[in-house]
Amino acid sequence: MSALTPPLSDEQRQALQEAARFRLLADNVPVLIAQFEVSSNRCQYANRRYAETFGFTPESVLGKTFAEIIGAEAAALIEPAVARVAEQGRAATYERTVVRPDGQTHHLEVNLLPHLDEQGCAVACFVLITDISKHRRTEAALRESEARLEKFLLASVEGIVFHHQGHITDANPPLCALTGYRRDELIGRFVLDFVAPEEREQVQAVMRDGRELRYDSAILHRDGTRIPVELIVRTLVRDGVTLRMNIVRDIRDRVAAQARIRHLAHHDPLTGLMNRAAFMERLQHSLQRAGRGEERLALLFIDLNNFKRVNDSLGHLKGDQVLVTVAERLRACLRGGDRVGRFGGDEFVVLLDGVRGHGDVLAVVHAVLSVVEVPVDTDGRALSVTPSIGIALYPEHGTDAHALLQHADTAMYEAKARGERQFQFFHPEMAQTAYADLVIESQLREALARGEFELYFQPQVEPETGRLVGAEALIRWRHPERGLLTPDTFIAVAERHLLMVPLSQWVLRQAAEQARAVQRAGLPPVPIAVNLSHLEFRIDGFADTVARVIADTGIPGAWLQMELTERMLMDDIQGATATLQALRRLGVSIAVDDFGTGHTALAHLTQLPLDKLKIDQSFVAGLPHDRGAMAVTRAIVHMAQDLGLRVGAEGVRHRAQWEQLQVWGCHELQGELVSPPLSASDFLAWAQAHSGRIPS
Ligand code: C2E
Ligand code: MG
Ligand code: MG
C-alpha cells in the first residue's frame, strides 16, 4: 500500500500528527466537546464522551442536529442561547440539569464559544459541557453542614467559640453567659485575652501547633473570676476559611469535687489538719531534703491530758469541739513552714523544719504549752485539757520517719508520766524501756488467756496478838521464761494498753474466791484487800462490777476491801466520792494506800467515805531512827484515830518497827516480818497457823 500512496509532505504529516494529538486530548478530558455548524445546526465534530453521553459514537453523531442529539425539548431550551452566540459572536455559559436514563440527575455547565471567520462572523459554535454534579453535591453538603453547625451552636448548652488565627469570629449564647460578655463584644477580640494568664502559654502552643485535642484550662470572666474549663479543640473550614472551634465546658463543679476528694484523702475531716498518711509523706519529703543538706528537723508528738475524761463524761460532741480548738491553736502558734497533723484520737504531731538548735524547738514547745490549754466545764467542775509533748530530733534521735515518730511517742509517754503540761526530749535509754514495753505488751495479751497470772496474799496482823485481821491481794505473773514477776514489771504497761481492765476483773474475782476459801477452811473471815488501778476506778459502773463479783461468789461485801492511792481520790473528788459510796453500800471497805506520799487535803479526808489509811512503807522504813519518819508516822496514826479510821503500816521488817507502831496504837501491820506475800494455798496454811495466835 505504501508503494501506491504518494509520500506525504512534511506539512501533511505534521497536520495529521496534530489532528491525532487533538483527538487523543479531546477524548480524554472530562469534558464533553462538540462543534456545530451555525447555518445548519448540524454536528461537525464531537469527542467520544459527548457522543456516548447522548447514545452515539463519534462517527454516528456527525451531521445530526441539536434536536436529534439532545431531544427536541432540550434543544428548544438551548436554541436561543445558540442563536445569540451566532448573532453576537460572543461566548455564553449556562447550567442545565438532565436526568440520565439510569435516573440519576446531572448538573451540567455548558459553555458555548463562537468560531469566527475573517469577517468576525460566527460560522461554527463550540459546545463544551462539564459535569458539575460532584461540585454541586459538595456545595449542598456544605450548606447542610453549615446549617447543622449553626443549629448546634445555638442548641448547645456548652460554650462554643470560633476563632481565625486567634481572632474570635463567633460565639454562642452559653459562651456569652459563661464569660459575661455579649457576642458583639467578643467578636474580633483576641482569644488569648480571655484565657487565665497562667494558662496562656499552653493555649498558645495548642493554637500554634493546630492540634485537635481536649485539655483542661481556665478562662476569665468579665468580672475577673477564674473559671476552670475543659477545652475541646477542632479545626474546620467555614466559608472557605480555616477556623478553630473550641468547645468550652465549665468544670467548676468537677474541679471543686476533685479538690474535696484530694483534701479528704490527705486531711483529717474533723480538724482539717493533715492525716497520718499525708503527714508521713510530708515527713519523708523533709527528711530527704534534710538528708542532702545539713538541715535539722524536730518532730513533736503531742497527746492531750484529760481528753478521754472529757470524751467519756461529756460525750463525743464536746470531745470533738476540744479537738477542733486544739487544732486551731496549734495552727495559730506555728510558723508558716511548720506542719501539723492529727493521727486520730487526741494525738497531734508537729514537724519543725530548719531547726538550728534546742532553742528553736523550745520556743515552739513553750508556745504550744501556753496556748493549748482548753478549759472544759464538766457539770460545774473545771477541767483542763492540756498537752504532753515528746520531742525527737533529726538526725540525732533517728534518721528515718518511723524511728523519729516512735521516739517522739516514747518521749511523750515519759512526759505524761511526769504529770500534766510537760515536755520531754527523747534520749536513747528510753528506747530500751520502750522496747521492753513492746515485748511485755504482746506477751501480756496472751498471759491472761494462758492462765499465767497468780494472786498472792500478804497477811495483815494485829500488833498485840499477831492474829490475822486481813490480807492484801498482790498479783504475780508466772512468766514462762522469766519466772515469777512482780507487778512493777508489767502493771504500767498493762495500764497504758488498757489490758489492766480485764486483769483487774480477774484479780477481783480471785480475791473474792480466796475470801470464800478462808471461810470454807473454817477460819474467821477477814477482808481481802484489792489494789485498784487508776483505769478501772474511773470506769463508769465500777461499783456494779464489784457487786456482780460479790453476787457471783456469794460472799458478803465486807470480805472485800479496796485500796486506792491518794492521787486516785484527788484527781476527781466528786466522782471518787460517788463510787466509794456505792462500794460502801455493798459493805466493801475502803483503804487509802501509800498514805503520806500524796497531797490529800486534810479537809477531804473527813468528807470521803474511808475506812482505813495505810502508812507508806517509806515512812515505816525510817522507823525508829529517822526523826522525820517518826514524826510523820506518829501524826498519821493519831490523825486516823481522831478521824475514827483504822490505820495500818506496810513494809514492817524489824521488831523495833513493830514495837513502835504498836506503842502508837497502829491497828494492823503488814510486811516481811509478818510474812512475805504467799501463794493462795500457802496463805491458807499460814492463816490456819495464825488465826487468833500470838506470835512467838
Ligand atoms: P502496794 O499496794 O503498796 O503493795 C505493797 C507492796 O509492798 C507489795 O509489792 C508487797 O510485796 C511489798 N511489801 C510488803 N512488805 C514488804 C516489806 O517488808 N519489804 C518490802 N521491800 N516490800 C514489801 P508488790 O507485790 O511488788 O506490789 C507492788 C505494787 O503493785 C503494789 O503496791 C500495788 O500498788 C501494785 N499491785 C499489786 N497487785 C496489784 C493488783 O492486783 N492490782 C493493781 N492495780 N495493783 C497491784
Ligand atoms: Mg496496796
Ligand atoms: Mg502500799
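Output ³J(HN,Hα) for region 401-413: one whole-Hz value per residue in order, computed from phi by the Karplus curve 6.51 cos²θ - 1.76 cosθ + 1.60 with θ = phi - 60°, and x for Gly and Pro.
Once θ is set to phi - 60°, the couplings for region 401-413 become 4, 5, 5, 4, 5, 4, 6, 5, 5, 4, 4, 4, 4 Hz.
Enumerate the residues in region 636-653 having an amide nitrogen under 20 Å from the point lying 7 Å beyond the Cα of LEU602 toward its Cβ.
Answer for this model: 636-648.
May I ask for log10 I(q)/I(0) of region 155-257 at q = 0.20 Å⁻¹, from a Debye sum over the Cα atoms as equal point scatterers with solvent left out?
Evaluating at q = 0.20 Å⁻¹ gives log10 I(q)/I(0) of -1.02.
Under 5 Å between amide hydrogens, which residues at least 5 positions from LEU474 or on another chain qualify, with H placed 1.01 Å from N in the peptide plane?
TYR456, PHE457, GLN458
For the chain, what is the per residue volume of the convex hull drawn over the alpha-carbon atoms, in cubic angstrom?
On the way: hull volume 259.2 nm³, N = 696.
Dividing the Cα hull volume of the chain by its residues yields 372 Å³.
Counting other C-beta atoms within 10 Å, which of SER217, SER388, SER133, SER39 has the fewest, and how do the rest follow? If you can, show how the numbers build up before the last one.
Details: SER217 20, SER388 24, SER133 15, SER39 10.
The order, fewest Cβ neighbours first, is SER39, SER133, SER217, SER388.
Tell me, what HN-Hα J-couplings in whole Hz come from the Karplus equation 6.51 cos²θ - 1.76 cosθ + 1.60 at θ = phi - 60° for each residue of region 471-486, using x for Gly and Pro?
Here the 3J(HN,Hα) series is 8, 9, 7, 10, 7, 9, 10, 7, 6, x, 10, 9, x, 6, 9, 8 Hz.
Could you tell me the center-to-center distance, by alpha carbons, between region 218-289 and region 552-579 in angstrom?
After rounding, the separation between the Cα centres reads 61 Å.
In whole percent, what relative contact order does the chain give with Cα contacts below 8 Å and a gap of six or more residues? Walk me through the intermediate numbers first.
Values: 1145 pairs, mean separation 44.2, N = 696.
Normalised by residue count, the contact order of the chain is 6 percent.
With a cut-off of 8 Å between alpha carbons and a minimum separation of six or more residues, what is the relative contact order of region 155-257 in percent?
On the way: 188 pairs, mean separation 27.9, N = 103.
Once normalised by length, the contact order is 27 percent.
In terms of Cα to Cα distance under 20 Å, which lysines are near enough to LYS308, apart from those fewer than 8 places away along the same chain?
Leaving aside lysines fewer than 8 places away in the same chain, those within reach of LYS308 are LYS318, LYS416.
As a footprinting exposure proxy, order LYS134, LYS614, LYS64 by other Cβ within 10 Å, with the fewest listed first.
Placing the least packed residue first, the sequence is LYS134, LYS64, LYS614.
Using +1 at the C-beta of Lys and Arg and -1 at the C-beta of Asp and Glu, which of VAL518, PHE619, GLN321 has the Cα lying farthest in the positive direction of the dipole of the chain?
VAL518
Would you pull out the residues with amide H under 5 Å of ARG467's amide H, same chain only if 5 or more places away, H placed 1.01 Å from N?
Placed amide hydrogens put GLU462 under 5 Å from ARG467.
Bear in mind that the values in this text are calculations on the coordinates, not laboratory data. None of the values given here were measured: they were computed from a predicted structure. Backbone-built Cβ (ideal geometry, glycine too); neighbour counts: all protein chains shown.
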